[in-house]
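Bear in mind these aren't lab numbers, they're just calculated from the coordinates by the rules spelled out. On a predicted model such as this, the values are computed, not experimentally measured, just so you know. All Cβ positions, even for glycine, are placed from backbone atoms using ideal geometry, and neighbour counts span all protein chains on display.
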Amino acid sequence: MSDARLSVLKTYKLYVGGKFPRSESGRVYEVTDSKGTWLANAPLSSRKDARDAVVAARKAFGAWSGATAYNRGQILYRIAEMLEGRRDQYVREVAEAEGLSKAKAAQQVDAAIDRWVWYAGWTDKIAQVVGGANPVAGPYFNLSSPEPTGVVAVLAPQKSSFLGLVSVVAPVIATGNTAVVVAGERVPLPALSLGEVLATSDLPGGVVNILSGRTAEIAAPLAAHQDVNAIDLAGADEALAKELEIAAADNLKRVLRPQPVDDWSATPGTERMTAFLETKTVWHPTGALGASGSSY
Amino acid sequence: MTMEKRTSAFEYAPAPESRAVVDIAPSYGLFIDGEFAEAADGKVFKTVSPATEEVLSEVAEAGEADVDRAVRAARKAFETWSALPGAERAKYLFRIARILQERGRELAVLETLDNGKPIRETRDADLPLVAAHFFYHAGWADKLSHAGYGPDPRPLGVAGQVIPWNFPLLMLAWKVAPALATGNTVVLKPAETTPLSALFFADVCRQAGLPKGVVNIVTGDGRAGAALVAHPGVDKVAFTGSTAVGKQIARTLAGTRKKLTLELGGKGANIVFDDAPLDQAVEGVVNGIFFNQGQVCCAGSRLLVQESVHDEVLDALKRRISTLRLGDPLDKNTDIGAINSAQQLARITALADRGEAEGAERWSPACQLPENGYWFAPTLFTNVTQAHTIARDEIFGPVLSVLTFRTPDEAVAKANNTPYGLSAGIWTEKGSRILAVANRLRAGVVWSNTFNKFDPTSPFGGYKESGHGREGGRHGLEAYLDV
């Protein structure tokens, strides 16, 4: 009986400011599997969509960066919990997007879930690893702490539709940045579906904003945007990366250049976090109590 | 049961937390190798509610044979547990953290019943910190190469852990979470008077699917603890408790390869300068000595107040103490619960009497104590000198000794004039004075314009005879790593 039933198809939409809008342009583009079979029509985002996403990300930055590291860790872990429950959906989407077997796709999804757990654990540790007291030669308290840089534009990898995507988004938000993510151009569906998990994981709207469309078209306004603080060029080819890095220089965005990644499943280091951290050093005089001192 | 003077317009209505949320079995066994079992010799002891003296349950009393079995189980489990990828160990700990969050109310009520501390504290302090501690350490399990102990720091083996009764589940979390995160397995001996929450924790481990033998719980008295720390199959000993027992353990471990961390007594000084925000300071002083009935190793049990504001601070302090509500620990309005045991009550009583006998001036608010259970009214001593016993010995109860000073130098000298060195408090609006005083205090934790703050990311532990080693934070990992 189930054979006769016609399935209900999902309308894939963007994820911006905690909501699921269509592209303001009204445009879509055809997404196919590796054999060319139609999968869905994804929104073809415009420059205006990119700017709206930056506004949403900026609006979310204050509360997200001001949340305790513990709270951010809980929320990132919640994302892993929610993903685990919808594992089958992502296995299917990743298999279709990347032309993988179910088993191979499952490995990718499992690694992506574990990656959220990995970064959930980093939120309250990165400051202990990269910050610290500095023994300056004088009567001063001197402490360096990492702080998030702000709004980060993230060009997701073009091939690894889900594990690659998670591997570049999670480190950005773990430390308190907010993100505008451009999904892999030909493999946007797992990324767009991620919004559904983020929306139900206590992650405040606007912390992650996900756009689909032509990477070059969306990345250009992001790289030039004066209210974007950094850009991860993971999903850009060499020529585009150079062009975007030049545009990014206009307000001295922090730029993470594309690096060849053979295997996204390898355990990451801290580089994807530190790339989007500022170091703040606070000085304060320690004063003196008087000449005598205490000998304990 | 309130000490409140009849000046307020409204009385508090009773607001008891429901006991129905927790189901205490009539008896519990030892938790060894994933199973509950009776002691080999069949011995049991009773655990009572210190607020009512009601028997809550009967618990197996571990002997040497049981401790030996637990250590063997932990040894066996160590092979597989330590070989697990850190990311997998992490996920077990995250599960435990989540289950502790889910069962937080149940465990808070249980802890209040078995320990006597107010539900407000177990609900708002103990349990959230317990879960946070597991959550924090879960994240370290697969990040140890980033912790500053070399590229691949190894676990030690079997950790024998002996914990006190003042924060039963929180002390368990401080011990178990870092041990498991770093790849060790555990035999834990909870305090004789507060075994229940550790036994409930065994059930949390079951729900989390933790492999058997990774956590073993042996209940009993000091003899079980002594057998555990002396067991040749134990690689690491962690103890929180009295300085006297800590020294005994240090002697027992002499000449062995066992790694030792000790978190012992304290006689914390809370230093109030004349420029301090006094209302805030008074709140902090009250919290510093009456939190958990003063049964806190880092309690601010000595108030050092600058002479120029002595009278003002004392007036405010007495006013504030008079509003504290002592009584049913399950009542959500209760500030001060029961003393944990008859022995502890006797010790507090004797030390307070000694304070009076030695000439210090004793003050307590008008206070009606419940008829059953173990109770001690909040108590303040003035005209205390550094020579007085109550200024030197750890009382571990709701008793504050007030001393004065004139200069910051004198404050530092007096604060450091103790064999202990666990905690201190500084109250002043001047940042440079905070830092200058903090630099010269010989104490492992210094709170400025706050007190009794705890966080899993922040290392805790003492100087001098308050013990050695730190718990919590990146620094706390060292205690469980072969470095």
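Which longest uninterrupted range of chain A lacks any trypsin sites (Lys or Arg not before Pro) assigned by DSSP to a loop state (not H, G, I, E or B) and surrounded by at most 10 other Cβ atoms within 10 Å?
Excluding the exposed sites themselves, the longest stretch runs over A:36-296.
Determine the dipole magnitude for segment B:6-115: charges of +1 sit on the beta-carbon of Lys and Arg, -1 on that of Asp and Glu, nothing else is charged, the reference point is the Cα centre, and the result goes in debye to the nearest 20.
Numbers: 14 positive and 20 negative charges, 119 e Å.
With Lys and Arg at +1 and Asp and Glu at -1, about 580 debye.
Hey, got the dipole for the protein assembly as shown? About the Cα centre, +1 on K and R Cβ, -1 on D and E Cβ, debye to the nearest 20?
1100 debye
Using a simple charge model, +1 on the beta-carbon of Lys and Arg, -1 on the beta-carbon of Asp and Glu, nothing else, what dipole does segment A:28-285 show about its Cα centre, in debye to the nearest 20?
About 320 debye.
Put +1 on the Cβ of each Lys and Arg and -1 on the Cβ of each Asp and Glu in the protein assembly as shown; which of A:VAL169, B:TRP363, B:LEU422 then has its Cα farthest toward the positive end of the dipole?
A:VAL169
To the nearest 0.05, what FRET efficiency results for A:ILE246 and A:LYS280 with a Förster distance of 35 Å applied to their C-beta separation?
0.80
How would you rank A:VAL208, B:VAL44, B:VAL214, going from fewest to most other Cβ atoms within 10 Å of each one's own Cβ?
Numbers: A:VAL208 30, B:VAL44 15, B:VAL214 25.
Fewest to most other Cβ atoms nearby, the residues stand as B:VAL44, B:VAL214, A:VAL208.
How far apart, in nm, are the 7 Å Cα→Cβ label points at A:THR37 and B:ARG257?
6.1 nm
List the equivalent ellipsoid semi-axes of the protein assembly as shown in whole Å, largest first, each obtained as the square root of 5λ for an eigenvalue λ of the Cα gyration tensor.
Semi-axes, largest first: 51, 32, 25 Å.
With each pseudo-label sitting 7 Å past Cα toward Cβ, what's the B:ARG19-B:LYS212 distance in nm, one decimal?
3.4 nm
Could you give the semi-axes, largest first, of the ellipsoid that matches segment B:22-126, computed as the square roots of 5 times the alpha carbon gyration tensor eigenvalues and rounded to whole Å?
Taking √(5λ) for each Cα gyration eigenvalue gives 28, 24, 9 Å.
Restricting to DSSP H runs of at least four residues, report the calculated mean residue ellipticity at 222 nm for chain B, -39500 (n - 2.57) per run over all residues, nearest 500 deg cm²/dmol.
Roughly -11500 deg cm²/dmol at 222 nm, from the helical runs in chain B.
Hey, which lysines would be in cross-link range of B:LYS258, C-alpha to C-alpha under 30 Å, not counting anything within fewer than 8 residues on its own chain?
Excluding near neighbours in sequence, the set is A:LYS125, B:LYS43, B:LYS76, B:LYS91, B:LYS143, B:LYS175, B:LYS189, B:LYS212, B:LYS236, B:LYS247, B:LYS267, B:LYS464.
If I build a Gaussian network model for chain A, linking alpha-carbon pairs within less than 10 angstrom, which residue out of A:ALA111, A:ALA266, A:ALA57 has the largest mean-square fluctuation?
The residue that fluctuates most here is A:ALA266.
Describe numerically, in nm with one decimal, the distance between label points set 7 Å from Cα along Cα→Cβ at A:GLU238 and at A:ASP88.
So the two model labels end up 4.5 nm from each other.
Among the trypsin sites (Lys or Arg not before Pro) in segment B:201-277, which ones are in a DSSP loop with at most 14 other Cβ atoms within 10 Å of the Cβ? Mind listing them?
B:ARG257
Looking only at segment B:131-236, where both bridge partners belong to it, what percent of the DSSP beta bridges are antiparallel (to the nearest 5)?
0 percent
Please work out the FRET efficiency for the pair B:GLU38 and A:LYS102, using the Cβ-Cβ distance as r and a Förster radius of 35 Å; give the result to the nearest 0.05. Walk me through the numbers on the way to the answer.
Values: r = 49 Å, r/R0 = 1.41.
With R0 = 35 Å, the Cβ-Cβ based efficiency is 0.10.
Between B:ALA387 and B:LYS247, what FRET efficiency comes out of the Förster formula 1/(1 + (r/R0)^6) with R0 = 25 Å and r the beta carbon distance, rounded to 0.05?
Calculated transfer efficiency: 0.60.
For chain A, what does the helix formula give at 222 nm: sum of -39500 (n - 2.57) over DSSP H segments with n ≥ 4, over the residue count, nearest 500 deg cm²/dmol?
-13000 deg cm²/dmol
Under the rule of at least 5 residues apart or a separate chain, name every residue whose amide H is placed under 5 Å from the amide H of A:THR32.
Amide H neighbours of A:THR32: A:LEU39.
Quick one: grab Rg to one decimal and Dmax as a whole number for chain B, Cα atoms only, in Å.
When restricted to the Cα atoms of chain B, Rg and Dmax are 22.1, 65 Å.
Over chain A, what is the percentage of antiparallel beta bridges among all DSSP beta bridges, to the nearest 5?
55 percent
Toward the positive end of the charge dipole of the protein assembly as shown, about the Cα centre and with charges on Cβ (Lys, Arg +1; Asp, Glu -1), which of A:TRP122, B:PRO277, B:CYS297 goes farthest?
Value: A:TRP122.
Quick check for you: which residues of segment B:187-207 have the amide N under 17 Å from the point 7 Å beyond the Cα of B:LYS46 toward its beta carbon?
B:192-196
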